[in-house]
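Enquirer: Quick one: the structure is below, and I'll ask about it shortly.
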Amino acid sequence: MSNIVDPLVRQIAARVRAERERRRWTLAQLAEASGVSQAMISRIEREESSPTAVVLGKLSAAFQLSVASLLASPEGETATDEERVRRQADAPEWRDPETGYRRRQITTPRFPTDIAEIRLPAGARVPYPAGAYAFIRGLVWVLDGQLTFHDGGQVHELHPGDTIELGEPVPRIFANDTDTECRYVVVRARHQQP
C-alpha cells in the first residue's frame, strides 16, 4: 500500500477535524449527528480513508455545510489577477471510491456561489440526506447523458439542457440508470445562515 496521500483526502481530513473541533464535538457527537460511525470518522481524520459521496453528504448535513465546503482548502478572501484564473487541469477533482462519481470544483471558496461539475458513471446512485441541503438554494443542469433525479417523493428524468431548481430540503438521489456517463453541473448558494 502506498504511503502517498491524495491532497484532497488530506484537505477533507483537515476540514472534518477542524469543523468538529470548532464545534467542540467529540467523535461520538459527530457520529450521532451524522449517522457515520466513529471508526469511519476517525479513519477520515487520520487520512486513512477517503469518504464516499454518501459519507460526505452525511457529514456536510451534520455540519450544515455544503459538500464543496468539506472539499475546499482554506484560502484567503482576496486573490491576485493571476489567482482568479484557474486552468481546468488545476481545478481539484474528487472521486468517490465507492461509485466512481467524480466532482470537479469550478469555483473557489472566495466566490459567493458554489459551482461543481459532476460525472456520474453508468449505473451509479448517490443519495444525500435532506440535511445536506439545509440553508442551500440549488440548481442541477444536465450537460450530457441522462440523470434520474429523486427529489423527495418525486422522480425526474433529466436530459441534456434540462435543469431543476431545488426546493425545500428533502432526501435526494442522483442516479444514472443508463449505460453511459452522465455529466451535470450543480450550482448552490447559501440562502440562510445556520
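The values are calculated or read from the model by the stated rules, or taken from the named source; none is laboratory data. Bear in mind that the values here come from a model prediction, so they are computed numbers and not experimental data. With ideal geometry, Cβ positions are generated from the backbone for all residues, glycine too; neighbour counts draw on all protein chains shown. Heavy atoms of the whole protein, side chains included, go into the accessibility calculation; ligands, DNA and RNA do not. Shrake-Rupley method; radii C 1.70, N 1.55, O 1.52, S 1.80 Å.
Enquirer: Quote the relative contact order of the chain in percent (integer), defining contacts as alpha-carbon pairs under 8 Å separated by 6+ residues.
Expert: Relative CO of the chain lands at 19 percent.
Enquirer: Mean-square fluctuation check for the chain, GNM, Cα pairs under 10 Å: which of GLY153, GLY167, GLY138 is largest?
Expert: Its mean-square fluctuation being the largest, the pick is GLY153.
Enquirer: Taking 0.36 nm per residue of separation and subtracting the Cα-Cα distance, what length does fully extending GLU47 through ALA189 add?
Expert: Gain on stretching GLU47 to ALA189: 48.2 nm.
Enquirer: Calculate what fraction, in whole %, of the accessible area of the stretch 108-194 sits on carbon and sulfur atoms when a 1.4 Å probe is rolled over the protein chains.
Expert: The nonpolar share, carbon plus sulfur, comes to 54 percent.
Enquirer: Please compute the Cα-Cα pair-distance distribution of the chain with 10 Å bins starting at 0, giving whole percents from short to long.
Expert: Reading the bins upward from 0: 9, 36, 37, 17, 1.
Enquirer: I would also like to ask the following. Given the Cα-Cα distance of PHE111 and ARG95 and 0.36 nm per residue of separation, how much length would full extension add, in nm?
Expert: Here the answer is 3.5 nm.
Enquirer: Let me ask you something else. As an exercise, use a Förster radius of 45 Å and the Cβ-Cβ distance of ALA18 and ASP151 to find the FRET efficiency, rounded to the nearest 0.05.
Expert: Rounded to the nearest 0.05, the efficiency is 0.90.
Enquirer: Between THR180 and LEU139, what FRET efficiency comes out of the Förster formula 1/(1 + (r/R0)^6) with R0 = 22 Å and r the beta carbon distance, rounded to 0.05?
Expert: The pair LEU139/THR180 has a calculated efficiency of 0.45.
Enquirer: So, one more: Select from ASP114, ASP151, ASP90 the residue whose mean-square fluctuation is largest in a Gaussian network model of the chain (Cα-Cα springs shorter than 10 Å).
Expert: Between ASP114, ASP151, ASP90, it is ASP90 that shows the largest mean-square fluctuation.
Enquirer: Compactness ratio of the stretch 84-194: Cα Rg over 2.2 N^0.38 Å, N = residue count? The partial results should precede the final answer.
Expert: Details: Rg = 13.8 Å, N = 111, 2.2 N^0.38 = 13.2 Å.
Ratio of Cα Rg to 2.2 N^0.38 Å: 1.05.
Enquirer: Enter the accessible area per residue of the chain (Å², integer; probe 1.4 Å; all protein chains in place).
Expert: So the chain comes to 54 Å² accessible per residue, rounded to a whole number.
Enquirer: Give me the Kirkwood hydrodynamic radius of the stretch 137-194, using the inverse of the mean 1/r over all pairs of distinct Cα atoms, in Å to one decimal. Each step should come with its number before you reach the end.
Expert: Working: mean 1/r = 0.0837 Å⁻¹.
Kirkwood radius, the stretch 137-194: 11.9 Å.
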